[in-house]
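Novice: This is the structure I want to talk about, given as structure tokens.
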Amino acid sequence: MAFFLRSATLQIGPLKYNMSDGFFFDFEVPFYDSDQLATATFTVNNLNESSRMGIQKNQVVILNAGYEDDIGVLFVGQVAGCSHKQSGVEWQTKITATAALDQWLNTQINKTYMENSKAEDIVRDLLNIFGLEVGMFQLVENITYPRGKICSGKLKDVLTEIVINECKSRLLIRANQIIINNPADGVTKGYLLTPDSGLLMHADDLDSTSISTQRTAGVSAENKSTEEKTWKRKCLLNYRLGAGDQVQIQSRDLNGKFLIVSGKHKGSPTGTWTTEIEFKAS
């Protein structure tokens, strides 16, 4: 696509910057189909002194990007770190931002639930404390705790124990929403990815690899052969694609439905805007 069709806005705290107004910044936004938080990186050129000094830890960061009238949210999070570097009269500001940083890392709880409490009721109560919007809530196993349950410690550890370990469900944070559903299902479904819709073809399209996910990391050598095979592809930047999505791919060597396990959105004012995805058979 032509450069002039691109559109991106970056909000840092109370200030909002628009790339179409000549405000130059690079972005890299990874995503994972796990409870691992995404940490995005931004390189911003030539902020004035007051803007540079105004960037503070935990300020909101929102990135929207796309083409012309088709723009969507790529990232919502909080400033985790910031540094400034001067070269002559030019300034370069590097920012790292993490999704749900404060809520996920610092929220502590100490709650006791009565006998025969259901996992769904406990998780809903905990999510009210979390404060993020719930985008999807479908536990695979809604287990019962006959003797009740004590939930004490970091909220993220308690939610991970209940949702992933005990209820065998997916838990991820995506665009400031928390997603809980069956890890075998897609978060969204039905997106068709072909060369005509933005799939970028390369000489190594036939290459494939295997990954060690959080659920398979640390398994014995004899079990590594059972790890799921994954493939990697690039396409033109697509804000709709994210962790856990089911996509249909039609290309020279692949034709079928797949689940995205990880990926990365990347963009700069002059380079190619891409979305890289790693996926497994659905």
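The values are calculated or read from the model by the stated rules, or taken from the named source; none is laboratory data. Predicted model, so just to flag it, every value in this text is computed and none were measured. With ideal geometry, Cβ positions are generated from the backbone for all residues, glycine too; neighbour counts draw on all protein chains shown. These area figures cover heavy atoms from the full protein model, side chains too; ligands, DNA and RNA do not enter into them. Shrake-Rupley method; radii C 1.70, N 1.55, O 1.52, S 1.80 Å.
Novice: Please go through the range 144-163 and pick out each residue that is open to solvent by 60 Å² or more (accessible area, probe 1.4 Å) and charged (D, E, K, R).
Specialist: Within the range 144-163, 147, 154, 157, 161 meet the criteria.
Novice: Further question on the same structure: Go through the range 176-198 and report how many residues are out of contact with any Gly (no Cβ under 7 Å at 6 or more places or on another chain) and either open to solvent by less than 20 Å² (accessible area, probe 1.4 Å) or closer than 16 Å to residue 277 by Cβ (or both).
Specialist: 12
Novice: Any idea which of (1) within 28 Å of residue 154 (Cβ to Cβ); (2) loosely packed, with under 15 Cβ neighbours inside 10 Å; (3) among the aliphatic types (A, V, I, L, M) is the one residue 99 doesn't satisfy?
Specialist: (2)
Novice: Considering only residues of the range 124-151 that are over 27 Å from the mean Cα position of the chain (by Cα) and in a strand (DSSP E or B), which is nearest to residue 187 (Cα to Cα)? Steps first, please.
Specialist: Just the residues of the range 124-151 that are over 27 Å from the mean Cα position of the chain (by Cα), to begin with: 143-150.
Next, only the ones that are in a strand (DSSP E or B) stay: 144-145, 149-150.
Numbers: 144: 26, 145: 28, 149: 29, 150: 30 Å.
So the residue we want is 144.
Novice: Answer with yes or no whether residue 181 is polar (S, T, N, Q) and under 15 Å from residue 100 (Cα atoms).
Specialist: Working: polar (S, T, N, Q): yes; under 15 Å from residue 100 (Cα atoms): no.
Criteria not met by residue 181.
Novice: From the list 115, 141, 166, 120, exactly one residue is over 26 Å from residue 246 (Cβ atoms), open to solvent by 40 Å² or more (accessible area, probe 1.4 Å) and out of contact with any Asp or Glu (no Cβ under 6 Å at 6 or more places or on another chain). Which is it? If you could, list the steps in order and put the result at the bottom.
Specialist: Working: 141 fails: over 26 Å from residue 246 (Cβ atoms); 166 fails: over 26 Å from residue 246 (Cβ atoms); 120 fails: over 26 Å from residue 246 (Cβ atoms).
When all the criteria are applied, what remains is 115.
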